[in-house]
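Enquirer: Take this structure, written in C-alpha cells, and hold onto it; I'll ask about it next.
We did not get these values from a lab; they are worked out from the coordinates using the rules stated. Note that the structure is predicted; figures quoted are calculated from it, not measured. We place every Cβ from the backbone using ideal geometry, glycine too, and count neighbours over all the protein chains shown.
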Amino acid sequence: MTTVRDSFHSRIGFVLAAAGSAIGLGNIWGFPTQAANNGGGAFLFVYLIVTLLLALPALYAEIYIGNQAQKNPVSALAEACQDSVPRFGRFAGLFGLMGAILMLSFYTIVAGWMLAHALSPLAGLMGFNDISQWLLSSSTTRSILFTPVFIILGAAIIHQGVHAGIEKWSARLMPILLMMLIGLIIYILQQEGADEGLALYLIPDFSQLSDPKLIIAAMGQAFFSLSIGVGGMMVYGSYMEKGKDIGKLVLSITALDTFIAFLAGLLIIPALFVAQHAGQDVFIDNKLVGEGQLIFQILPALFNTMGDVGAFVAFGFFSLMSIAALTSTISSTEVPVSYLVEDKKMTRSKATLVVSTIVFCASMTLVANFDTLFGAVINWVSTVQLPIMGLFYFIVVGWLWSRGNKLTDKSELSNSRTLWLWGNYLRFICPVLISIVFINVAFN
Ligand code: PHE
C-alpha cells in the first residue's frame, strides 16, 4: 500500500512555515544581544555577509536535498549518499536527528520561561500577586511545570499533520508576531533613552571587525537563526512539491528571517537603554551584564516601571517570544516524528507521543543538571553540531550525491550559467569557507 505523504498546500504556506522555524528566540533574543556585545552595527554588517556567503547556501542545500528526496531527513541523506557512502548518509541523518532532540531539550526550557513571563502580568492584573511573582522567579519547579506545557503545545500542532497543523498554525501565528513586534518597537522608541540604543545598533564600530571571534559568533548565530543543521528545513522541503524554484524560496526565507532579526534589534537594544535610563545596570565595560539571563531581569523590571500599561506590554512581549519559539519548536519536532512515521511505520499520534516523551526526559535531565549541562548543550549545538551538518550538506550536494542532482549534472550545468556558478560555489568555495571558520574555532 502506498500512502500519500502529507504536504504543504501552497508556496506561501511553505515559506511561512519555514520562516516560522527560522524566526525564533535566536532572532528576537540571540541576535540583538550578540549585536549589543559585538560592536552593534559592525556585528550587523558581518552577520549579513556570513548569511549571504555561507548560511544561505547551506539552507539551500538542506532544503534541496529534502525536496529532491521527498523523504524524512534520515532517509533523504541515506538516499543522497546511496551510491557513495550509504551507511554514512544514514548515520549523518541520525546525527542530525539527535541534534534536533538536543536543540529541543534546551529550547523548550527557555520557551517555558517565556510562557511563564507572559502569564505573570495576567496573574498580576487578576490580583494573584503571589503567583505573578512566582512566575517571574527562576525556580526549578517553574521549569518542571512550564517545559512540559510548551512541549504539549508543540505536540498538539504537530499531531494534526503538515497541512492542518504546521501550515495552518504558521499562517496564523506569523502575522501576529510581526504586528506585535512592530507595535512594541513604536512604543519603545518613544521612551527616554531609546535614541542612545538606536545609535549603538545602527552606527557600526568598525574597530571591532578585526576580532576573529566576531566572525565565529556571527556564523553560529546565522546558522542557528536559519535553523540549519538539524533537518527541520530538510523535512519542510520534502513536504513541498518537487522541482519548485528553491532559490527564490530560500531568498525569501532568509530575507524574512534577517529582517525580523534586524527589527528585534530595533526593539531590544533601545529597550536596554531605556532600562538603563530608568536606573538599571545594563552594561558594564561595554558588555551586557548577565548575558542570556538579562532579558528575564531587565525587561520585566522595565515593564514594571510603566504601571498598568507595563503589564500589557510585558504580556505582548513575552507572548511574542512564546509564539516565535513555538513555530521553531515544531520544525525540530517534525524531524524525529517524520522518521518514526515513515521508517518505523508508527502512526502520527504515537510518533508525536514518543518524541514528546523523549524531549521531555532530555529537557528534565538538563533541568536537573542545569549548571553543568544547560550552557554546554547550547554551545555544542550552535557552534559544533549545526556548522558540521552544514559542511556535510555541502559535501553531499557537491560531491557524494550523483543521481538526480542537478547541481553536479554536467548537462544541466552546461545549460545554465547561473546554475553552473551556483553548483561550483556550493561544491568548492562553501566547504573551504566553513572549514576555515572551523579551524579558527579550534585554534582560538
Ligand atoms: N531558528 C530558530 C531560532 O532562531 C532555532 C532553531 C534552530 C529552530 C534549529 C529549528 C532548528 O530561534
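Enquirer: Which one, 204, 163, 230, is farthest towards the positive end of the dipole of the stretch 113-231 when Lys and Arg carry +1 and Asp and Glu -1 on their Cβ?
Expert: It is 163.
Enquirer: Quick check: pseudo-label points 7 Å beyond the Cα along Cα→Cβ at residue 402 and residue 439, how many nm apart are they?
Expert: Here the answer is 3.0 nm between the modelled labels.
Enquirer: Can you tell which of 88, 382, 107 lies farthest toward the positive end of the dipole of the chain, using +1 and -1 charges on the Cβ of basic and acidic side chains (Lys, Arg; Asp, Glu)?
Expert: Farthest towards the positive end: 88.
Enquirer: Hey, fewest Cβ within 10 Å first, where do 282, 162 land in order?
Expert: If I rank by nearby Cβ atoms, fewest first, I get 282, 162.
Enquirer: Among 5, 348, 403, rank each residue by its count of other Cβ atoms within 10 Å, from fewest to most, as a rough exposure measure.
Expert: Placing the least packed residue first, the sequence is 403, 5, 348.
Enquirer: Rg/Rh for the chain to two decimals, with Rh computed the Kirkwood way over all alpha-carbon pairs. Let's see the in-between values first.
Expert: Values: Rg = 21.5 Å, Rh = 22.2 Å.
Over the Cα atoms of the chain, Rg/Rh equals 0.97.
Enquirer: Against the longest principal axis of the chain, how steep is helix 246-277, in degrees 0 to 90 to the nearest 10, with axes from Cα atoms?
Expert: For 246-277 against the chain, the angle is about 20 degrees.
Enquirer: Taking θ = phi - 60°, what integer Hz values does the Karplus form 6.51 cos²θ - 1.76 cosθ + 1.60 yield along the stretch 367-373, in sequence order, with x for Gly and Pro?
Expert: Running phi through 6.51 cos²θ - 1.76 cosθ + 1.60 with θ = phi - 60° gives 4, 6, 10, 3, 5, 7, 9 Hz.
Enquirer: With +1 on the Cβ of every Lys and Arg and -1 on the Cβ of every Asp and Glu, and nothing else charged, how large is the dipole of the chain about its Cα centre, in debye rounded to the nearest 20?
Expert: Once rounded to the nearest 20, the dipole reads 1580 debye.
Enquirer: Work out, step by step, the length gained on full extension between residue 419 and residue 358: first 0.36 nm times the residue separation, then minus their alpha carbon distance; give nm to one decimal.
Expert: Numbers: separation 61, 0.36 × 61 = 21.96 nm, distance 4.16 nm.
Extra length available between residue 419 and residue 358 comes to 17.8 nm.
Enquirer: For the stretch 167-179, what does the Karplus curve 6.51 cos²θ - 1.76 cosθ + 1.60, with θ = phi - 60°, yield as ³J(HN,Hα) per residue in whole Hz, taken in order and with x for Gly and Pro?
Expert: Couplings: 5, 4, 5, 5, 5, 7, 7, 4, x, 4, 4, 4, 5 Hz.
Enquirer: Now for a separate question. Can you tell which of 34, 121, 76 lies farthest toward the positive end of the dipole of the stretch 29-163, using +1 and -1 charges on the Cβ of basic and acidic side chains (Lys, Arg; Asp, Glu)?
Expert: 76
Enquirer: Additional query: Please express the shape of the stretch 230-314 as an equivalent ellipsoid: the semi-axes are the square roots of 5 times the eigenvalues of the C-alpha gyration tensor, given largest first in whole angstrom.
Expert: Computed over the stretch 230-314, the values are 38, 15, 12 Å.
Enquirer: Find how much the distance from residue 134 to residue 178 grows on full extension, using 0.36 nm per residue of separation minus their present alpha carbon separation; answer in nm with one decimal.
Expert: Working it through step by step, the gained length comes to 12.9 nm.
Enquirer: While we're on this one: With θ taken as phi - 60° and the coefficients 6.51, -1.76 and 1.60, list the Karplus ³J(HN,Hα) couplings across the stretch 433-438 in order, rounded to whole Hz; mark glycine and proline as x.
Expert: 4, 5, 5, 4, 4, 4
Enquirer: What order do you get for 248, 350 when you list them from fewest to most C-beta neighbours inside 10 Å?
Expert: With the sparsest Cβ surroundings first, the list reads 248, 350.
Enquirer: If the only charges are +1 at each Lys and Arg Cβ and -1 at each Asp and Glu Cβ, what is the size of the charge dipole of the stretch 89-241 around the Cα centre, to the nearest 20 debye?
Expert: In debye, rounded to 20, the stretch 89-241 gives about 620.
Enquirer: Taking a 30 Å limit on the Cα-Cα distance, which of the listed pairs 213/244; 168/287; 168/344; 71/248; 242/410; 244/345 fall beyond it?
Expert: Going by Cα-Cα distance, 213/244; 168/287 fall outside the 30 Å limit.
Enquirer: A further question on this structure: Extension gain residue 145-residue 245, at 0.36 nm per residue separation less the Cα-Cα distance, in nm?
Expert: Between residue 145 and residue 245, full extension yields 31.6 nm more.
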